[in-house]
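The values are calculated or read from the model by the stated rules, or taken from the named source; none is laboratory data. Keep in mind that this is a model prediction, so the values were computed, not measured. When we count neighbours, we look across all protein chains shown, and the Cβ atoms used for this are built from the backbone with ideal geometry, even at glycine. Please note that ligands, DNA and RNA were not included when accessible areas were found on the heavy atoms of the full protein model with its side chains. Shrake-Rupley method; radii C 1.70, N 1.55, O 1.52, S 1.80 Å.
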Amino acid sequence: MSLIPLVTKIAVDAGCHDVAKCEAVLGEAAAKRASLVEALIDANLVEETAFAEKLAAATGLDYLENTELDLTTPLHSRFPAKLALRHHLLPASMEGKDICLMTYDPFDLEAKQSVGRDLPKNVTWAISTRYQIMEGLRQGYGVGAEHFDELIEGRDIAAEDDDLSQEVTMLDEEDEEASVMNFVNQIFRQALKERATDIHLEPLEKSLRIRYRVDGALQEVTVPPDIRALQASLISRLKIMAQLDIAERRLPQDGRINLELDGEPIDVRVATIPSVNGESVSLRLLTRQQFDMSMLGLDEKSESIIRDLLKKPNGIILVTGPTGSGKSTTLYTFLKQINTIDTRIVTIEDPVENKLEGVVQIAVKPEIGLTFASGLRSILRGDPNVIMVGEMRDLDTTEIAIRGALTGHLVFSTLHTNDAVAGISRLLDMGVEPFLIASSVRAFLAQRLVRKLCDQCSKPAEHIDEAYLASIGFPLEKKDSIREAVGCRACRDTGYRGRMAVVEICLLSPAMQDLITANATYSAMFDQATKSEGMLTLREYGWQKVAEGLTTVEEVLTNTASTGD
C-alpha cells in the first residue's frame, strides 16, 4: 500500500497548501525509494515542528523534543553510535531492557529491522523533528562518531601516552587507515558546515579537545569519549596530509593541505605546536571568496573614500589592527577592485592566504634569504604598478616600501596598531623620518570585525538603560533602533550569523602632514583627525551599525576602544 496519500494528508493537516507539488515530490521520492518524510522537509513544503506533531498523532506515537533529554553525558553507553547515526535515531530513555528511540521517519523499515536485529531490547518509538534529532546526535555522540567505534575497537584506551612510544601499524588492517581518514574528513566537513574559519585540536591531560572558531568566537565541539586513544593517529594523519615530518614531535611545523568539498577547493594552513600533553594542531580553513566591496559592509561615505584612495596613482595605504581583524581580506578586496588588464600587481606575503587570478604573489622564505625586504627590492625592479606587502615588520621593509611609493607605485600593507592615528606613531617609533611619512602615506585604515545579528531571530531591545548608554557614548537619539541577539536554528542559538568590518579612516590631509613633520603629539593628531576633519572613530562607526540594527552594543564594546583610549 502506498504511503503517499497518508503522508500527503498529514502534510495538508500541518499547513501545506500546494497539494499538487506535495504529491509530485512524494511520487519522485517513492520512485527513487527515498524517504518520503525527508523529501517533504527538503522541499520546504511544511513547517517541521507542525508536521512532526501531526505525524505523531497520525501514527499514534508520542512527540518529544530533545530539550527533554539529558545530552550532557555521552550517548554511546545507551545506544550504539553506528546504528544511531546511520539511521538517525536518538535514544530518549532506557530502563533495563526497555528503550525509547526518537525518529523523524516512522516509515523507515530498514531502521526498524536493524534495531530489531542488533538490539536485544524492548523498543518503543517516538517522533521528533529532523533538526532536533540531528542536533541531539551531534551533541550526544560528537563529531566523527560514526567512524569512532570501529577505530577504538581493540585499542587499549587506558594506556598512557608516551612521546617515546611508537604506534604499531598492522599490515592486514587496511580498514583502520580508511577509518582514520573518514574521521578526519568528518571533522573538516562539520567545520565547514558550521562556517568555521579555524579548527584547533588541543591535547589535554586526559582528553583531546576540538574547537571550531565561528564568526571569531571559539566553540567547543562534542567529541566521542576516549578520543585521547586516537590522538596519535589523528595528528599523524593530518601531518601526512600536510606533508610534514610525522617523526618530528619536538619542534613546531607549518604546512598546507589542499581539500575539495562538493567541487569547491579549500586551502588549509596547518601549524603544529609541541605541548606538555602532546602536539597541538591548528588548521586555518581558507575557502574561495569573491572579495567584493559589499562583503566589507561599509557605509556609503566610507566606501566612497576608499574608492577614491584606490584611484590614487601612488602612495601608501596602510590597514591597521590586531591579528584576526580581517586586514588581509580587506587588502585582497582592494586589490580585486584595481586588478585590471592594464595594471601589474605584485604581492609579497607570509604566507599567501588566498590566490588572486592575474596577480603575481610571492611567499616569503626566510630560510633561503627571501624576506619582505629582499623580496620587495626585487619587486621594484619588476615594473609593477601596485605592490602589496603582507606586513611592515621592520624599518628596512618600510623604507623600501616608502621608496616605492615615492617613485610612482601604489603600495598596500598592514600594521599592528590599536587605531588609525596610532599608525603614524608606529612608523615614527620604527625610525621612519616624519617628512617621509607625510609625503608617502595617503591614509591609515583601522579595522575590527564584529558579529552581525542573525536576520531571522534578532528583535528590538526590551530593556534599555539610558544612563548606561550615555556612559559608553552611545547616541541616545538612536536608542530605539537597538536590537538584541536571540538565537535560533539558523544561527545555532548564538544570535549572530556572519561578521562585518568596523573601520576608521585617517586621511593624511595637508594639515595632518604639517602636524607629522612638526613632530606633533598623538593627541594633537587625533584631535585634528576627529574634531577638525570629521573622522569617525571605530566605536562611533560601530554605533552607526548598532543603530542600523546590524550588530549589538555588546559586540561594539568588546571589539573597539573608547575615544582616545
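Some observations on this one:
- Angle between the chain longest axis and helix 48-59 axis [Cα atoms, degrees, rounded to 10]: 0
- With the simple spin-label model, which puts each label point 7 Å out from Cα in the Cβ direction, the Asp118 to Glu47 separation comes to 3.6 nm.
- Under-5 Å amide H pairs with Asp198, H placed in peptide plane, nonlocal only: Arg213, Leu285
- The stretch between Lys21 and Ile4, if pulled fully straight at 0.36 nm per residue, gains 4.9 nm over its current Cα-Cα span.
- Accessible area of the chain belonging to carbon and sulfur atoms, whole % at 1.4 Å probe: 48
- Rounded accessible area of Arg189 (nearest 10 Å², 1.4 Å probe): 120
- Checking every one of the trypsin sites (Lys or Arg not before Pro) in the range 352-403 against DSSP loop status and a limit of 11 other Cβ atoms within 10 Å picks out Arg381.
- One entry in (i) 1.17; (ii) 1.39; (iii) 1.46 is Cα Rg over 2.2 N^0.38 Å calculated from the shown coordinates; its label is (i).
- FRET efficiency estimate (nearest 0.05) - Cβ-Cβ, Lys312 to Asp342, R0 25 angstrom: 0.95
- Shape call, the range 1-122: gyration tensor on alpha carbons, a/c limit 1.5: prolate
- Order by protection proxy (mean Cβ within 10 Å, highest first), peptides 17-24, 265-272: 265-272, 17-24
- Close lysine pairs were tallied over the range 454-563: pairs 8 or more places apart or on different chains with Cα atoms under 18 Å apart number 5.
- For the chain, the solvent-accessible area with a 1.4 angstrom probe is 50 square angstrom per residue.
- Fraction of antiparallel bridges per DSSP, the chain only, in percent to nearest 5: 65
- For the range 470-565, the spherically averaged projection of the C-alpha convex hull amounts to 7.3 nm².
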